[in-house]
Amino acid sequence: GGHRLWMSPERDLTYYPDNSPVQIEKIPLGLIIKASKQHITELELSIKVEFIGRDSLRVTHKAKNHGDKKRISLWGLTVMKSGYTMTLDVDKKEQGLLPNRNIVLWPYSDINDNRLKIENSHIKLKSDKSVSKPIKIGTYNDNIKATYEMGEDIFVKKFEGIKKSFYPDFHCNFECYVSDKIHEVESLSPFEEVGKTQEIEFVEIWELKVKNEIKFTAGNSEAET
């Protein structure tokens, strides 16, 4: 479980060990977590987490380059408990004679897997603790809204795509991977050229909700649903 910042596309350097101490800086409504500069990639990664509402967070991913110019895509992986369903809105804008959506599958993904359901308006991917075979799907949308429902608990990830940009993995800004152990809700930034001492960042919004939440008002003993 947890959330991590990687570089996309996936390759050996993606798995640079996250086993060094990090710096924690408190800010008024959250904190900044900064890792040490990576010796091989010469990248310094950080994540800023800020409350922007009672049930919402702004998460800012940042990479600073301390070496030669690089072409970078930031990859934010939120790793959830397996056994539940992710639902994603797909792009529905009219494009005339041009395509308006992409569906990307990884080699180990079976399009006939009953955990995956592709609809005209949504993609649904369910993880199952009794099924170890992984499946991964990706897509692009100008306005990503992914919902992961864990019984009464609901996690929502939202962010905007950047039009006329180039994204990894056949132009995906959203990806989802499942196995019997984890369910990943993933975001990607477009590729950018980053020179020495330059930074890039990518922002997403998290919402944490409860179904049928009971709200109490001051001085009122009755609950409203």
Exercise. Taking the Cα centre of the chain as origin, sum charge times position over the Cβ atoms of Lys and Arg (+1) and Asp and Glu (-1), and report the length of that vector in debye to the nearest 20.
Key: 240
Quiz item: Per-residue accessible area for Leu208 at 1.4 Å probe radius, Å² rounded to 10?
Solution: 90
Quiz item: Using alpha-carbon positions, what is the distance between the centroids of the range 5-57 and the range 78-103, in Å?
Solution: 26
Practice problem: Could you tell me the accessible area of Leu13 in Å² (1.4 Å probe, neighbours in place), rounded to the nearest ten? | Solution: 80
Practice problem: Scan the chain and report its longest stretch carrying no GluC sites (Glu not before Pro) that are both in a DSSP loop and have at most 15 other Cβ atoms within 10 Å. | Solution: 153-212
Quiz item: Taking the chain as a Gaussian network, Cα atoms linked when under 10 Å apart, which of Ile52, Ile200, Ile144 shows the biggest mean-square fluctuation?
Solution: Ile52
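Heavy atoms only, 1.4 Å probe, whole protein assembly: order Met86, Met7 by accessible area, highest first.
On the way: Met86 0, Met7 20 Å².
Per-residue accessible area, sorted high to low, gives Met7, Met86.
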Exercise. Over the chain, give the accessible area per residue in Å² for a 1.4 Å probe, as an integer.
Key: 58
Practice problem: Return the carbon/sulfur percentage of the accessible area of the range 120-212, one whole number, probe 1.4 Å, all protein chains in place. | Solution: 51
Exercise. Answer with a single label: of (i) 17.7, 51; (ii) 16.1, 45; (iii) 18.9, 63, which was calculated as Rg and Dmax of the Cα atoms in Å from the structure in view?
Key: (iii)
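Go through Val131, Val90 and list them by solvent-accessible area, largest first, probe radius 1.4 Å.
Val131, Val90
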Quiz item: Excluding ligands and nucleic acids, what accessible area in Å² is computed for Phe202 using a 1.4 Å probe, to the nearest 10?
Solution: 20
Exercise. Averaging sequence separations of C-alpha pairs under 8 Å and six or more residues apart, then dividing by the length of the range 88-225, give the relative contact order as a whole percent.
Key: 22
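The values are calculated or read from the model by the stated rules, or taken from the named source; none is laboratory data. Values in this document were obtained by computation on a predicted structure and should not be read as measured data. So basically every Cβ, Gly included, is an ideal-geometry build from the backbone, and we count neighbours across all protein chains shown. Quick note on the areas: whole protein, heavy atoms, side chains included, nothing else; ligands and nucleic acids left out. Shrake-Rupley method; radii C 1.70, N 1.55, O 1.52, S 1.80 Å.
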